[in-house]
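Chemist: Below is one structure. I have some questions about it.
The values are calculated or read from the model by the stated rules, or taken from the named source; none is laboratory data. It should be emphasised that the depicted structure is a prediction, and the values quoted were computed from it without experimental measurement. All Cβ positions, even for glycine, are placed from backbone atoms using ideal geometry, and neighbour counts span all protein chains on display.
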Amino acid sequence: MPEAPTVPTPAPELSAPGLASLFVGFFGIGIVGFGGVLPWARRMMVDQRRWVSSAEFNDMLALCQFLPGPNVINLSIAMGARARGVVGSLVCVLGLLVAPMMIVIGLGGLYQRYGGIPIVAHGFAGLAAAASGLVVAMAVKIASPLQRHWAGIVIALVAFAAIALLRLPLLPTMVIMAPLSILICRRFPA
């Protein structure tokens, strides 16, 4: 018996955020993602609020990683500019930075006073392990759109090997890999 044709599932509707929504979204990222906000930014922008698709997030992140400065700050500027122009960018950056600045000031004072206690040093070692896990989880989520794109997978593996294993400098590696990846992906589209 022949199988019934499958109907493709429509992509979820994307929403255009207002200034208050941008501020609240990035303020939340600044609070819950303290120390490693990229996974939280992706979850909020793609999965929860549906401001951008997974592919659009990856494209925006790729551009933001290539630009100078912290990736998540660049990402907040790009998202704000995309949604509401220059004012949107300012609102996103302000939302992202207000809470962490206050937290850093408070923790800096506490660390200055109690940083010599051994349990505090052990606590920071545990935080480093958790942060590493967040980075790995983010890499897996970002790589998911590449599942059927062998050229993209090869490019990602070569970039990983160059930076993580061979310890080549990031900037020269990106200067070589960015145009090379564009050429390869144009030649072998998904």
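Chemist: Which residues, counting only those in the range 30-56, are without any contact (Cβ under 8 Å) to a residue 60 or more places away in the chain and not in a loop (DSSP other than H, G, I, E, B)?
Modeler: VAL32, TRP40, ALA41, ARG43, MET44, MET45, VAL46, ASP47, GLN48, GLU56
Chemist: Keeping to the range 79-88, report how many residues are within 18 Å of the chain's Cα centre (by Cα) and surrounded by fewer than 20 Cβ atoms within 10 Å (Cβ to Cβ). Please lay out each step first, then the result.
Modeler: Within the range 79-88, the first condition is being within 18 Å of the chain's Cα centre (by Cα), and the residues that meet it are 79-83.
From the residues that got through so far, the ones that are surrounded by fewer than 20 Cβ atoms within 10 Å (Cβ to Cβ) too are 81-82.
Total satisfying the criteria: 2.
Chemist: Out of LEU171, LEU96, I need the residue that is within 27 Å of SER21 (Cα to Cα) and in a helix (DSSP H, G or I). Which one?
Modeler: Details: LEU171 fails: within 27 Å of SER21 (Cα to Cα).
Matching residue, one of LEU171, LEU96: LEU96.
Chemist: Let me ask you something else. Give the residues of the range 148-180 that are of a type in the set (Val, Ile, Thr) and modelled with pLDDT of 90 or more, sorted by residue number.
Modeler: Hits for the range 148-180 are VAL158, ILE163, THR173, VAL175, ILE176.
Chemist: Give just the number: which of (1) modelled with pLDDT under 80; (2) assigned to a helix (DSSP H, G or I); (3) surrounded by fewer than 10 Cβ atoms within 10 Å (Cβ to Cβ) does PHE124 not satisfy?
Modeler: With respect to (1) modelled with pLDDT under 80; (2) assigned to a helix (DSSP H, G or I); (3) surrounded by fewer than 10 Cβ atoms within 10 Å (Cβ to Cβ), PHE124 is out only on (3).
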